[in-house]
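What follows is a short report on a single structure.
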Amino acid sequence: KETFEGHQVLRIVPKDEVQLALIKDLEDMSELDFWTDVTDVAYPVDIRVPFDSLMVLKAHLMSQDIDYTIMIDDLQVMLDEEQQEMESAARLGQ
Amino acid sequence: PRSTDTFDFSRYHNLNEISSFQDMLVAENPSLVSKLVIGQSYQGRPLNVLKFSTGGTNRPAIWIDTGIHSREWVTQASGTWFAKKIVTDFGKDPALTTILNKMDIFLEIVTNPDGFYYTHSNNRMWRKTRKPSGSGCYGVDPNRNWDAGFGGPGASSNPCSETYRGPRAHSESEVKSIVDFVRSHGNIKAFISIHAYSQMLMYPYGYTRTAVKDQAELHALAQRAISDLSTLYGTRYRYGSIINTIYQASGGTIDWTYNQGIKYSYTFELRDTGRYGFILPSNQIIPTAKETWLALMTIMNHTLNNPY
């Protein structure tokens, strides 16, 4: 079973067309999983970033003066919670 | 659960549980609901479609599908809620009753069952269909596999990409089965494909900037639908053509359906809290389904009242 320890989901809101283009260039990085796509200025782009790519990506965003927020700090923690909730609901159902 | 009345719609369910739910719903409502199997997934799972019909032959119909992208769990969960909502409201809600007295509704709750099973068993973040092993990248984005600008910009030829379009249009049995069904039916008047998340309601096209000939009507209807949706919880949606609202995407579902002559072709992106993405907590399922239902009713009503 694939796990996602340390994966973060970053939310980036491009401020202008330049940032929009820079973020669009990231789509070529196959290790990034775009949860929502690059659409327009001021609309959020959510990207799941594996742990091994986090440092590099964050440094890149900072160097380009692109702000981001961490939408999900550790994806696996959320998936574990989701799994526990499902198992708990199944037990209650039984 | 022993009946659909005790089914917990506020929790996520796996493929077997949803299949059981569908069978129970059919057994409980034999004069309204039947189950069609329109094909098989790549791994041999049945492609189940619920048909809600009060009779007649080949009546004009509305198609709704959820879960073509397997990790978008709130869509399959919402589809399950819609199914129960239809049987509950039929005979009570005049608008839905009028629709069902003149039209059929087809609902495919798990449009990509292999992918959905895989999200429960191996990889919660899986989005595509499944294919045999041989490379690290097994599967096709079924929302890039339709014969509508297939192979154009906004889809990938790289099998490892999340937007891999597949080797040819309709190569995916999950897609081809719907294509065959739509063509053989020949009287589908509205086609609504439901995704998550990011709160949008869109109409064709995605593969070209050319406006559809019905753009004015589709735009006005989308505006009304999201306005009605927002009355429940104030959830705000964007709306417009796919290419203007989200991105250029070739081979998309509703571009194909529109080109087949299904005027009321729409695609939703459901609720986005800005905190969870695809891991939307299960306590959001019912609010999401409830507000979406309002928009669906607006589109279905308009379809009924504007025959073409």
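Every number in this text was worked out from the coordinates using simple rules, so none of it is lab data. Note that the structure is predicted; figures quoted are calculated from it, not measured. Don't worry about glycine lacking a Cβ; one is built from the backbone with ideal geometry, like all the others, and counts go over all protein chains shown.
Listed by first and then second residue, the pairs linking a residue in the range B:117-142 that is away from every other protein chain (no Cβ under 14 Å) to a residue that is part of a loop (DSSP other than H, G, I, E, B) and among the aliphatic types (A, V, I, L, M), with Cβ atoms under 6 Å apart and 6 or more places separating them unless they lie on different chains, are B:129/B:140; B:142/B:68.
Hey, any hits in the range B:265-273 for a residue that's farther than 30 Å from residue B:151 by Cα and part of a helix (DSSP H, G or I)? Within the range B:265-273 (the criterion being farther than 30 Å from residue B:151 by Cα and part of a helix (DSSP H, G or I)), the answer is no, since none of the residues qualifies. Taking residue B:251, is it touching a residue at least 60 places away in the same chain (Cβ under 8 Å) and small (Gly, Ala, Ser)? So residue B:251 passes the test. Conditions: (1) surrounded by fewer than 17 Cβ atoms within 10 Å (Cβ to Cβ); (2) in contact with a helix residue (DSSP H, G or I) (Cβ under 9 Å, 6 or more places away or on another chain); (3) more than 18 Å from residue B:196 (Cα to Cα). Residue B:303 meets all but one. Number of the miss? In the conditions (1) surrounded by fewer than 17 Cβ atoms within 10 Å (Cβ to Cβ); (2) in contact with a helix residue (DSSP H, G or I) (Cβ under 9 Å, 6 or more places away or on another chain); (3) more than 18 Å from residue B:196 (Cα to Cα), residue B:303 misses (1) alone.
Taking the range B:1-31 as the range and being more than 13 Å from chain A (Cβ to nearest Cβ), surrounded by fewer than 15 Cβ atoms within 10 Å (Cβ to Cβ) and either aliphatic (A, V, I, L, M) or farther than 26 Å from residue B:101 by Cβ (or both) as the test, only B:27 passes. For the range B:184-214, the tally of residues that are closer than 21 Å to residue B:61 by Cα and of a type outside the set (Gly, Ala, Ser) stands at 13.
Can residue B:230 be described as more than 30 Å from residue A:7 (Cα to Cα) and surrounded by fewer than 21 Cβ atoms within 10 Å (Cβ to Cβ)?
For residue B:230, the condition - more than 30 Å from residue A:7 (Cα to Cα) and surrounded by fewer than 21 Cβ atoms within 10 Å (Cβ to Cβ) - is met.
Taking the numbered list (1) assigned to a strand (DSSP E or B); (2) at positive phi in turn, residue B:192 passes all entries but (2).
Filtering A:65, A:40 for residues that are more than 16 Å from the chain's Cα centre (by Cα), of a type in the set (Asp, Glu) and on the phi > 0 side of the Ramachandran plot leaves a single hit, A:65.
Please find, within the range B:240-258, the residue that is surrounded by the fewest Cβ atoms within 10 Å (Cβ to Cβ) out of those that are closer than 26 Å to residue A:41 by Cβ and in contact with an Asp or Glu (Cβ under 8 Å, 6 or more places away or on another chain). Here the residue is B:247. Annotation: of all residues in the range B:259-275 being within 12 Å of another protein chain (Cβ to nearest Cβ) and crowded, with 19+ Cβ neighbours inside 10 Å, the one that is farthest from residue B:142 (Cα to Cα) is B:272. Can you give me the number of residues within the range A:1-18 that are within 13 Å of residue A:39 (Cβ to Cβ) and surrounded by 13 or more Cβ atoms within 10 Å (Cβ to Cβ)? So the count comes out to 3. Can you pull out every residue in the range A:1-55 that is of a type in the set (Asp, Glu), closer than 23 Å to residue B:128 by Cα and within 12 Å of chain B (Cβ to nearest Cβ)? The answer is A:2, A:27, A:28, A:31, A:33, A:37, A:46. In a residue-by-residue description of the range B:65-79, the property of being touching a residue at least 40 places away in the same chain (Cβ under 8 Å), surrounded by fewer than 17 Cβ atoms within 10 Å (Cβ to Cβ) and not aliphatic (A, V, I, L, M) applies to no position.
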